[in-house]
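See below for the structure under consideration.
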Amino acid sequence: MNEAKRTRVVILGGGFAGVYTALHLEKALGRRDDFEIILINKENYFVFQPLLAEVVSGNIGMLDTVSPIRRMLPRTDLHVREVESINLKDRTVMTTPGLRPQPHVIAYDHLVLALGNVTDFRGLRGLAEHALPFKNLGDALFIRNHVIHVLEEAAIEHEDAELRRQLLTFVVAGGGFSGVEVVAELNDFVRDVIRNYYQLDASDVRVVLLHALDRILPELDEKLALYAQKILTKRGIEFRLNTRLKAATGDEAILSDGMRISTKTLISTVPSSPHPLVDALDLPKERGRLRVDASLLVEGTDNVWALGDCAAVPLTAGGICPPTAQFATREAKTAASNIVAAIRGGEGKTFQFKELGKLGALGHRSAVAQMFGINISGLLAWFLWRTIYLMKMPGWGRRLKVAVSWTFDLFLPPELVQLTLTHSMGMAQEHFEPGQEVFHQGDLGDRIYIIARGRAEVARQEDGPEVVLAHLGPGEYFGEMALLNKTTRNATVRCLEPLDVLSIPKREFSVLAANLPAMRESFDQVMKERRMATESRLRQVIGAEP
Ligand SMILES: Cc1cc2nc3c(=O)[nH]c(=O)nc-3n(C[C@H](O)[C@H](O)[C@H](O)COP(=O)(O)OP(=O)(O)OC[C@H]3O[C@@H](n4cnc5c(N)ncnc54)[C@H](O)[C@@H]3O)c2cc1C
């Protein structure tokens, strides 16, 4: 068949919905060549999210939850790029530039929207800067490395018992399946490996789960949820129910009831929001999800399909499908056969599926399951959980690897290697709450800070009481003196109003200052002015003292 006449199906997103749509489309292609499939995904792998929590504890290897999309979809043209925009009028999709600065524009005949949803911390002070999301492989690896990092730090913190306890406090927000699974794995991991840190006392470990409702796992029958709560409490997890996460800093989780938990590890599995690309589309939506009919066609269109977490798929019994992999994979089958019917002609299918059950792992060989209306818990549920998910993983090779990992894990201690993925923390956005110190006089100077929002005061203490030297606001910076003069901090900077800053590490700042003479001169000038203002302020205060 002439290539120009082939109908092009472009799928956005390589999760359960996108990959399984492409799998079914490839099957339908068979020996024919009447359409082509393009799948665009940020990563070149598919993530089996139900097992992500086990990556945090190292129960399975980090690559065991992912499969290369190219191997799963040999007849699909995979574009490993980020989708930047969708133009429904021109029927095109634009992806971000790769190694060359030109963006790609890809035309489509049929568009499949399978972009999932996103963790969105907007409107929650400090969460974007300090809470760790838990959604993809990168998040799971980051959390694992971070947890090992704080354990290493705690092990050598001999002087400050408060700081040691803060390092050993772990807070997870969100008591749905992913929050419960990650808190269970994290708790097991920390309490298990702490035996390798003879300097640390296991009784200093604190693991807290925050949940907005009066019980965890609202998707499950109450009895099972309470069983899960009881078993996790026995293992040392502290529950704070009817409590939301309100704000965060690098040192604290701030709760809706006003309580503050001192921690360096805050994981948040909530809130989930519509994908920004989906949000931007002028298409009908229900609570941010694209409204589709029972054939998975977006209402009001004849060539745009949507499924998975980004779509509001109607259930035959009323309501919309829950955002789970179980539904996304079944929706994919219906969408694929309807796309094929739209291309080749023929009868379309209606999406019909009744949920088979729900399963949640609780670590330590226990789980909860609700299968065909029957409640199962403990070891049997755990066995079911492992067997079902093992069989659902794509490819026998992957299943074998995971089965071997799980078998060894029954006898061997958990892996404790911390993988350092970057050389430096790089530029970062940070958030501080009133009263909190950004740095303290005498600290080592490791970063410079630029204020985006909020206010801070600069204070110095010499022989007498502390003297406030200056107030700083948006557009101003601080922390340069210690870096340029290679000294320790000569003042304390304290947050007055919720403060958002961009912080640049010493190494990057030194390269900039060394190579941009105009910048260095301007910093020297500001330092001179600040030094003079400080001396005058100190003279004023000392002069005013009785
Ligand atoms: C930790 C965790 C555990 C879970 N456990 C279970 C479980 O046990 N059972 C169950 O049924 N469900 C579970 N779920 C839910 C399930 O994973 C989701 O419902 C399912 O992944 C939805 O599939 P999707 O394809 O719609 O979205 P996703 O799987 O999120 O896929 C979206 C894809 O789009 C890509 N993408 C996003 N934006 C862009 C862009 N701009 N450019 C290119 N690509 C982009 C992403 O990289 C991703 O690959 C779990 C979810 C999580 C987070």
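The values are calculated or read from the model by the stated rules, or taken from the named source; none is laboratory data. Treat the numbers as computed from the prediction; the structure is a model and nothing was measured. Here the Cβ is made from the backbone with ideal geometry for all residues, glycine too, and neighbour counts use every protein chain on show. Side chains are part of the model used for accessible areas, which takes the heavy atoms of the whole protein and leaves out ligands, DNA and RNA. Shrake-Rupley method; radii C 1.70, N 1.55, O 1.52, S 1.80 Å.
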Next on the checklist: Regarding the stretch 321-340, can at least one residue be identified that is over 26 Å from ASP34 (Cβ atoms), more than 9 Å from the ligand (Cβ to nearest atom) and over 28 Å from the mean Cα position of the chain (by Cα)?
Outcome noted: no
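Any idea which residue in the stretch 235-257 is most open to solvent (accessible area, probe 1.4 Å), counting only those that are part of a strand (DSSP E or B) and of a type in the set (Lys, Arg)? Even if it seems obvious, please write down each step before you answer.
Just the residues of the stretch 235-257 that are part of a strand (DSSP E or B), to begin with: 237-240, 245-248, 252-255.
Applying the additional criterion that residues be of a type in the set (Lys, Arg) yields 240, 246.
Values: ARG240: 63, LYS246: 99 Å².
Ranking the candidates gives LYS246 first.
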Checklist entry - In the stretch 70-93, how many are more than 9 Å from the ligand (Cβ to nearest atom) and β-branched (Val, Ile, Thr)? => result 4
Next on the checklist: Within the stretch 387-473, considering only strands (runs of 3 or more DSSP E) that don't extend past its boundaries, which have at least 2 residues that are modelled with pLDDT of 85 or more and open to solvent by 80 Å² or more (accessible area, probe 1.4 Å)?
Outcome noted: 447-460
Checklist entry - over 15 Å from the mean Cα position of the chain (by Cα), part of a helix (DSSP H, G or I) and not aliphatic (A, V, I, L, M): does that describe PHE142? => result no
Checklist entry - If you check LEU232 against the conditions, is it assigned to a helix (DSSP H, G or I), more than 15 Å from the ligand (Cβ to nearest atom) and closer than 24 Å to LEU51 by Cα? => result yes
Checklist entry - Has the stretch 330-349 got at least one residue that is under 26 Å from GLY179 (Cβ atoms) and assigned to a loop (DSSP other than H, G, I, E, B)? => result no
Checklist outcome for this item: Just one listed residue, out of LEU226, LEU232, LEU220, LEU315, is more than 23 Å from GLY14 (Cα to Cα), over 22 Å from the mean Cα position of the chain (by Cα), open to solvent by 50 Å² or more (accessible area, probe 1.4 Å) and of a type in the set (A, V, I, L, M), and it is LEU226
Item to check | Residue list for the stretch 16-34, filter: open to solvent by less than 30 Å² (accessible area, probe 1.4 Å) and either within 16 Å of the ligand (Cβ to nearest atom) or in contact with an Asp or Glu (Cβ under 8 Å, 6 or more places away or on another chain) (or both) | outcome: PHE16, ALA17, GLY18, VAL19, THR21, ALA22, LEU25
Item to check | Filter result (more than 9 Å from the ligand (Cβ to nearest atom), buried (at least 22 other Cβ atoms within 10 Å of the Cβ) and within 22 Å of PRO133 (Cβ to Cβ)) within the stretch 38-59 | outcome: GLU54, VAL55, VAL56, SER57, ASN59
Checklist entry - Of all the residues that make up the stretch 523-540, how many are under 44 Å from the mean Cα position of the chain (by Cα) and exposed (fewer than 11 other Cβ atoms within 10 Å of the Cβ)? => result 3
Checklist outcome for this item: Scanning the stretch 168-185 residue by residue, those crowded, with 24+ Cβ neighbours inside 10 Å, in a helix (DSSP H, G or I) and of a type outside the set (Asp, Glu) turn out to be VAL180, VAL182, VAL183, ALA184
Next on the checklist: For the stretch 269-307, give me each residue that is without any contact (Cβ under 8 Å) to a residue 24 or more places away in the chain and in a strand (DSSP E or B).
Outcome noted: ARG291, VAL292
Item to check | Test set (1) of a type outside the set (A, V, I, L, M, F, W, C); (2) out of contact with any Ser or Thr (no Cβ under 6 Å at 6 or more places or on another chain); (3) assigned to a loop (DSSP other than H, G, I, E, B); (4) surrounded by fewer than 22 Cβ atoms within 10 Å (Cβ to Cβ) - GLY363 fails condition number | outcome: (4)
Checklist entry - Residues in the stretch 265-275: is at least one away from the ligand (no atom under 16 Å from the Cβ), within 23 Å of VAL172 (Cα to Cα) and either open to solvent by less than 10 Å² (accessible area, probe 1.4 Å) or of a type outside the set (Lys, Arg) (or both)? => result yes
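Residues are listed down the side, and each one gets a yes or a no for (1) among the polar types (S, T, N, Q); (2) surrounded by 14 or more Cβ atoms within 10 Å (Cβ to Cβ):
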| residue | (1), (2) |
| --- | --- |
| LEU88 | no, yes |
| GLY98 | no, no |
| HIS104 | no, yes |
| ASN117 | yes, yes |
| ARG125 | no, yes |
| ASN136 | yes, yes |
| ILE156 | no, no |
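Answer with yes or no whether VAL66 is touching a Lys or Arg at 6+ places or on another chain (Cβ under 7 Å), modelled with pLDDT under 95 and within 13 Å of the ligand (Cβ to nearest atom).
Spelling it out, it is not the case that VAL66 is touching a Lys or Arg at 6+ places or on another chain (Cβ under 7 Å), modelled with pLDDT under 95 and within 13 Å of the ligand (Cβ to nearest atom).
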Checklist entry - Within the stretch 339-369, can you find the residues that are closer than 13 Å to TRP385 by Cβ and among the small types (Gly, Ala, Ser)? => result GLY357, GLY360, ALA361, GLY363, SER366, ALA367, ALA369
Next on the checklist: Could you tell me how many of the residues in the stretch 309-320 are outside any helix (DSSP H, G or I) and near the ligand (Cβ under 10 Å from one of its atoms)?
Outcome noted: 1
